[in-house]
Amino acid sequence: MSMLTVEECELLTDSKYRSYITQVEKALRSFEYTSEWADLISALGKLNKVLLNHLKYPVIPKKVTIGKRLAQCLHPALPSGVHLKALETYDIIFKCIGTQRLAHDLFIYSAGMFPLLGHAAMSVKPVLLTVYEKHFIALGRHIKPGLNGLLLGLLPGLEEGSEYFDRTNLLLEDFSDAVGPPFFYTGIWECMLSCPSVRLCGATFLLNHLNKKLSMEDQLHMIGLDIDLMVSSLCSGLQDSSVLVQRSMLDFLLIAFPMHTGQLTKADLGRVVEATLNVVLRRDMSLNRRLYAWLLGTSTSTSSVPNTGGSGKGRELHRADSSSTTCEMDLSYFQASLYWLNNSVGNI
């Protein structure tokens with residue numbers, strides 16, 4: 001009795017709620033006698049029927065056991081029919097308990113749902129995304145404790161050419177608004193650091209939301225709340241076994257942290273340069289081109305000066321000054337790159 005909440009203890013005085021508990025226990029016992037996937041669909045149907053008949057009770061009895069059974073029904077080896085039936089059960093439960101109780105019991109129901117998208121069938125993905133849109137966005141900042149798990153579950157939906165790319169991207173943007181961009185991007189970097197399988201999708205999201213017309217100082221939220229975490233994640237991506245991940249991280253590095261800007265500290269920049277040197281071992285032209293563009297800088301084209309009727313000498317002087325300024329910028333960029341390159345080679 002000590003494990004029950006006050007509300008549950010009060011409901012136990014209701015004979016109809018006690019009958020509800022008995023029916024749930026009976027429905028759960030049917031899972032113990034399943035031998036094939038069709039039996040699981042039948043057992044889920046019995047559970048759904050019991051839940052639908054008692055929607056007036058916001059407290060679900062045996063919720064931990066129900067959460068375990070639903071997670072088992074979302075196993076990757078099971079067919080899409082079982083997954084769809086389990087998602088139907090989730091939807092019924094979330095409608096019944098409401099947003100506040102879902103936030104409290106998030107750990108119970110998220111264990112099965114969050115890993116599903118990566119291996120779900122095409123018929124299951126839209127239903128799963130609908131559940132997220134209907135019930136999880138409404139959690140707002142209460143999703144924070146489970147944000148990393150949610151991101152690990154949603155990022156696989158950002159595969160290039162995926163039918164649900166735009167819908168998944170919009171869903172991630174909604175969660176970013178709900179928890180705040182700095183906290184959200186901290187979660188992105190944590191996921192990319194700890195889980196190599198989502199690095200490409202995470203890098204895709206970062207590149208799609210990085211404003212190339214603004215400096216990183218104007219969009220600091222993309223760094224997150226921990227710059228050391230961001231640098232570690234960036235280095236792990238640069239050293240990833242996938243060429244596509246390395247290419248994406250070099251693209252991000254080239255746009256967000258040009259060598260000459262000094263936006264990273266000397267220690268952090270040294271770590272990044274050391275990580276980028278491993279790219280050369282790939283002997284991949286696309287990687288080398290991006291690496292050299294970052295180390296040596298891209299050529300800056302000067303705009304032509306309009307003829308305002310002045311003397312030719314004045315126009316020549318202006319072009320000479322412009323060329324001199326460009327050379328000084330390129331030399332500064334090259335010297336900074338050479339400094340970090342020499343230091344990194346010396347540390348290897």
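The values are calculated or read from the model by the stated rules, or taken from the named source; none is laboratory data. Just so we're clear, the structure is a prediction, and the values are computed from it rather than from any experiment. Cβ coordinates were reconstructed from backbone atoms using ideal geometry, including for glycine residues, and neighbour counts include every protein chain displayed.
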Please tell me if SER110 is in a helix (DSSP H, G or I), touching a residue at least 40 places away in the same chain (Cβ under 8 Å) and of a type in the set (S, T, N, Q). yes
Note on ILE60: of the conditions (1) in a loop (DSSP other than H, G, I, E, B); (2) over 23 Å from LEU128 (Cα atoms), unmet is (2)
Which one of these does HIS135 not meet: (1) surrounded by 17 or more Cβ atoms within 10 Å (Cβ to Cβ); (2) part of a helix (DSSP H, G or I); (3) under 16 Å from the mean Cα position of the chain (by Cα); (4) not small (Gly, Ala, Ser)? (3)
Of the conditions (1) within 24 Å of LEU139 (Cα to Cα); (2) surrounded by fewer than 17 Cβ atoms within 10 Å (Cβ to Cβ), the single one that ARG18 does not satisfy is (1)
Out of all the residues in region 69-83, is one or more surrounded by 19 or more Cβ atoms within 10 Å (Cβ to Cβ) and within 30 Å of THR13 (Cα to Cα)? yes
Of the residues ALA27, ALA38, which single one is surrounded by 14 or more Cβ atoms within 10 Å (Cβ to Cβ), aliphatic (A, V, I, L, M) and without any contact (Cβ under 8 Å) to a residue 60 or more places away in the chain? ALA27
What are the pairs, 6+ residues apart or on separate chains, where a residue within region 171-200 that is touching a residue at least 24 places away in the same chain (Cβ under 8 Å) and in a helix (DSSP H, G or I) has its Cβ under 6 Å from a residue that is surrounded by fewer than 20 Cβ atoms within 10 Å (Cβ to Cβ) and of a type in the set (Val, Ile, Thr)? ASP174/ILE137
Considering every residue within region 171-179, establish whether at least one is buried (at least 21 other Cβ atoms within 10 Å of the Cβ) and in contact with a Gly (Cβ under 7 Å, 6 or more places away or on another chain). no
Any chance region 289-299 includes a residue that's surrounded by fewer than 13 Cβ atoms within 10 Å (Cβ to Cβ) and modelled with pLDDT under 50? yes
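When residues of region 252-274 are filtered for being within 23 Å of the chain's Cα centre (by Cα), of a type outside the set (Val, Ile, Thr) and assigned to a helix (DSSP H, G or I), how many remain?
Number satisfying all stated conditions: 4.
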Could you check, for region 238-251, whether at least one of its residues is more than 15 Å from the chain's Cα centre (by Cα), part of a loop (DSSP other than H, G, I, E, B), more than 28 Å from LEU281 (Cα to Cα) and modelled with pLDDT under 95? no
